[in-house]
1. Being farther than 22 Å from residue 451 by Cα and of a type in the set (Val, Ile, Thr) is the filter here, so list the residues in the range 517-576 that pass it.
2. When the residues of the range 557-583 are narrowed to those that are in contact with a Phe, Trp or Tyr (Cβ under 8 Å, 6 or more places away or on another chain) and not in a loop (DSSP other than H, G, I, E, B), which ends up farthest from residue 418 (Cα to Cα)?
3. I need a count of the residues in the range 176-211 that are at pLDDT 75 or above, closer than 15 Å to residue 237 by Cα and surrounded by 20 or more Cβ atoms within 10 Å (Cβ to Cβ).
4. Take residue 451 and tell me if it is farther than 28 Å from residue 400 by Cα and either modelled with pLDDT of 95 or more or not in a helix (DSSP H, G or I) (or both).
5. Which is under 27 Å from residue 408 (Cβ atoms), at pLDDT 95 or above and among the aromatic types (Phe, Trp, Tyr), of 499, 504?
6. Surrounded by fewer than 17 Cβ atoms within 10 Å (Cβ to Cβ), free of Cβ contacts under 8 Å to residues at least 60 places away in the same chain and either assigned by TED's automatic domain parsing to the domain that holds residue 539 or over 33 Å from the mean Cα position of the chain (by Cα) (or both) - does that describe any residue in the range 458-479?
7. If residue 9 satisfies all but one of (1) over 21 Å from residue 78 (Cα atoms); (2) of a type in the set (S, T, N, Q); (3) in contact with a Leu (Cβ under 9 Å, 6 or more places away or on another chain), what's the number of the condition it fails?
Amino acid sequence: MDTGQVHDQTVRQELERVLSSAGFSANERLSRFLRFVVERHLEGRDLELKESLIGVEVFGRKPGYDPQQDAIVRTEAGRLRARLLEYYANEGAPGPLVIEVPKGGYIPLFRPLMSPRQESKPRRGKLWLMVALAGFVAVAAGTGWWWLDRDRSESIAIAVLPLENLSRDPASDYFTDGLTAETIRSLSIIEGLSVRSQTSSFAFKGKPRNVQEAGAQLQANYLLEGSVLRAGQQIRVNIQLVRVRDDFLIWSGKYDRELTDIFAIQDEISRGIVNSLRLKLGRGRRRYETSKEAYDLYLRARALGNSRESIGPYEEAISKDPSFAPAYAGLSATYAYRSGTFGDDREDLAAKMRTTAEKAIQLDPLLAEAHDALAIAYAREGQWETSEKSFRHAIELDPNRSMTYKDFVMYLLFPLGRIEEAIHQLRVAEKADQLSPDVHFAMGMVLLSAGRYDGAAGYCQKLPAGYPDKVECLGRALLGQGRTVEAIQVLSEAPNPRYLGYAYGRAGRRAEAEKLAEAMPRPFPQALIFAGLGDKERTMEAVERLAVQGPVRLGRNLTYPEFALIRGDPRLKALRKKVGLPE
């Protein structure tokens, strides 16, 4: 239903009803955003619903605002869509229409509410049911609850009614009841859902059902109900989610499987149901239920950063619990980092980083770090547009995760030379995590490339004493400030003397610089030292050897002030094209 089919006054009444709700009345920014797009649409001014204008009119950006440098409109649009979905799924009483702002644009749609239990073809996304997970893990001694990324929103009360066995053979009840129980268990580990117990739900087994009466007895906002039909080795499961207060069909799904491993199929289908509901309701970060051993290995791997040594613990954690999505995400990020270093098989790591990231998303489609990991994988492959979409989606899923902003900068904005936008994203990250040394280091690096050496020095000073690159960061800032003698004193303490060699070259200490270049045959240290010596030809030759590290590392390196002498060299254009960097 569009505006031409709905009286303007009806739309405006619905708009005021939405804006007066608790979720919108407490958020002036989202309220202003929604009012702006609806009123412009009603006035027939859809051509004005562009990011550039919305940024100025709604969010107070200055004329000339560039959406590519500031993602405020896209970020707030994601929040607006989630808030509307939550409103209509909860406190939004039945009305004549629903206001939506579809993804991909900012022109609102006005859709009539379906009559109770009216069937409609559901919007079907990809189902994360690609691989049956091994075995059925019971909650037993030695199993721990690990709550990650907790969502503080008010819980949704949901009950799973016993699935109906449509098979003629009563012996199939065990499978149907098992699937009901497994779905209850899987839903219970989703943050933001309050799931009614199996005992209460099974009180309705075999009894005639009235949705509103069952919902009242179970004190549930939503009921999940369905049926199971088994024929030989084939099984079909039909599921639907119903809102109790008006018997409104929210979502439905169908699963056809070949019955091989019964417990694996139960686990697979229940996970598919849960992930679909999380996406439909727009909420529900998982609380991961995993063994103490798997979680301990995961924490050990994270503590090792992106080093080669972290790969083993991540793989062991996955072997202990093949459904633990954060371990796959962490392993993917490590593979991505290692693929840009010397001494590793880049092609093998590139294949692994994509596979593990996709597996993490299959297991948990709302896990921000999984989308972050996939974005890094895309960036390593030079798929910049796809990478940026994944990064921005990760930020929408968890706007308070500072590491996503940092990765967005270091793997995309920085390599592409989008320096001002990189600084903006890091300032957002810093607000979310004011003491993060990784964010401070990234800011120092970007400010060095921006030529803001005083600011860079400040961020380098904030790094803790044991931070690996603190000495280099400080030394580079001193060089940028023209304090070469002091820089040499500082860089003399660095574990890696590459920037010391550059400083020697700048200071005219040629013999010492050449000696260091000879001792460090890898291309990056040599490129730095030759640049410090002012030797353009040897610098360019070493930079060309850097191409094997891929577009992310080369792109970042080319922004460094140390390589200013080769900017404008026509050979760089061909080199950038070779590795997948835009001109």
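The values are calculated or read from the model by the stated rules, or taken from the named source; none is laboratory data. Just so you know, these numbers come straight off a predicted model, no measurement behind them. We place every Cβ from the backbone using ideal geometry, glycine too, and count neighbours over all the protein chains shown.
1. Listed by number, the list holds a single entry, 548.
2. Among those residues, the one meeting the criterion is 562.
3. Here the count works out to 4.
4. On the way: farther than 28 Å from residue 400 by Cα: yes; either modelled with pLDDT of 95 or more or not in a helix (DSSP H, G or I) (or both): yes.
Yes; evaluated as a whole, the condition is true for this residue.
5. Working: 504 fails: under 27 Å from residue 408 (Cβ atoms).
None of the others qualify; the one that does is 499.
6. no
7. Single failed check for residue 9: (3).
So that you can scan it fast, the table gives a plain yes or no per residue for (1) crowded, with 24+ Cβ neighbours inside 10 Å; (2) outside the structural domain of residue 562 (by TED's automatic domain parsing); (3) farther than 24 Å from residue 554 by Cβ:
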{"position": "389", "(1), (2), (3)": "no, yes, no"}
{"position": "422", "(1), (2), (3)": "yes, yes, no"}
{"position": "431", "(1), (2), (3)": "no, yes, yes"}
{"position": "436", "(1), (2), (3)": "no, yes, yes"}
{"position": "452", "(1), (2), (3)": "no, yes, no"}
{"position": "455", "(1), (2), (3)": "no, yes, yes"}
